[in-house]
Structures are given as structure tokens and as C-alpha cells.
Amino acid sequence: MMKITVKTVVKAPVEKVWQAYIDPEAIKQWNTASPDWHTPTASVDFREGGAFSFRMEAKDGSMGFDFAGEYTRIVPLELIEYQFGDRQAKVEFTPGDEGVTVHLEFDPDKQYPEEHQKNGWQAILENFARYVENEA
């Protein structure tokens, strides 16, 4: 099965981009694909073998789920790999002249159309970029 790839450029120093990606308080601010959803809780044990869990819910309380997994490889300021269920993801941070490119690759969920998943993860990345740039 092909992996799905999304990416964005964040106009901020790599240290700030990295920190916002792994800080539970920051994650609660940016981890949503649409304004009618939010992440009320987030926990992060940021180390190889450490667990993470982000509670994602519709603001009206009608739906929700835990996005949870384990970090499998960490290269500070460069790479985060993790698994969630039987799926895997890789996030790369590449500084450049325009800012930091955040490149995210993940195994698709077999239940949902790939285009839907790509759009959702891309929307979250765009929220992330806006959050980091506005906090600068």
C-alpha cells in the first residue's frame, strides 16, 4: 500500500517548529483539521519507546477518538517516526531559505478514502504552520 504524503513550510526557526510539534500544550492548540473539532487533551512521553495520545473530539461532543501510539525513532530537530496501531508515520524537518519544510508520510487507514485522509492531515499541518508563525 502506498504511503500518503503531506507537507508545509513554516516560517520560523527549526527549534521553534520542533518544539511546537512535540509540546502537549502546543499540540492542543494546532491539532485539528477543521474549526468544529479540537484536541482537549494531549500527552507526550517524547523518547524512543515513549507513548503519545491526543484526544480529538467534535466540539459538539458528537464524536471523538484517541490518536495514540509510540515513538519509534527520534533524531532531534530532524526526524520523528512513530507507530499508531498497525500503521506508521514519519515526520521530517528540513530548514531552508523559505523556512522549515515539515514533510509527513503515513500509512493510510483502509476504512477511509485516501484523498479524505490526505486532506485532513494537510489541514492539520496548515494549522500547525499558522500556529507556529503566529506564536513567533
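The values are calculated or read from the model by the stated rules, or taken from the named source; none is laboratory data. Keep in mind the model is a prediction, meaning the values are calculated, not measured. FYI the Cβ positions are ideal-geometry reconstructions off the backbone, even for glycines, and counts take in every protein chain you see.
Has segment 92-102 got at least one residue that is charged (D, E, K, R), surrounded by 15 or more Cβ atoms within 10 Å (Cβ to Cβ), at pLDDT 95 or above and touching a helix residue (DSSP H, G or I) at 6+ places or on another chain (Cβ under 7 Å)?
Taking every residue of segment 92-102 in turn, none turns out to be charged (D, E, K, R), surrounded by 15 or more Cβ atoms within 10 Å (Cβ to Cβ), at pLDDT 95 or above and touching a helix residue (DSSP H, G or I) at 6+ places or on another chain (Cβ under 7 Å).
Filtering GLU114, GLU48 for residues that are closer than 16 Å to THR5 by Cα, in contact (Cβ under 8 Å) with a residue 24 or more places away in the chain and exposed (fewer than 15 other Cβ atoms within 10 Å of the Cβ) leaves a single hit, GLU114.
For segment 27-39, which residues satisfy the criterion of being in contact (Cβ under 8 Å) with a residue 40 or more places away in the chain and more than 19 Å from GLU92 (Cβ to Cβ)?
Across segment 27-39, the qualifying residues are GLN29, THR32, ALA33, SER34.
Quick one: count up the residues across segment 81-111 that are without any contact (Cβ under 8 Å) to a residue 60 or more places away in the chain, within 24 Å of GLU70 (Cα to Cα) and acidic (Asp, Glu). The number of residues fulfilling the criteria is 4. Here ALA129 fulfils each of the conditions (1) in a strand (DSSP E or B); (2) crowded, with 16+ Cβ neighbours inside 10 Å apart from (1).
Quick one: which of GLU48, GLU105 is closer than 18 Å to PHE128 by Cα and among the acidic types (Asp, Glu)?
GLU105
Scanning segment 56-83 for residues that are over 13 Å from the mean Cα position of the chain (by Cα), surrounded by 12 or more Cβ atoms within 10 Å (Cβ to Cβ), closer than 17 Å to LYS28 by Cα and not hydrophobic (A, V, I, L, M, F, W, C) gives GLU57, LYS59, GLY64, ASP66.
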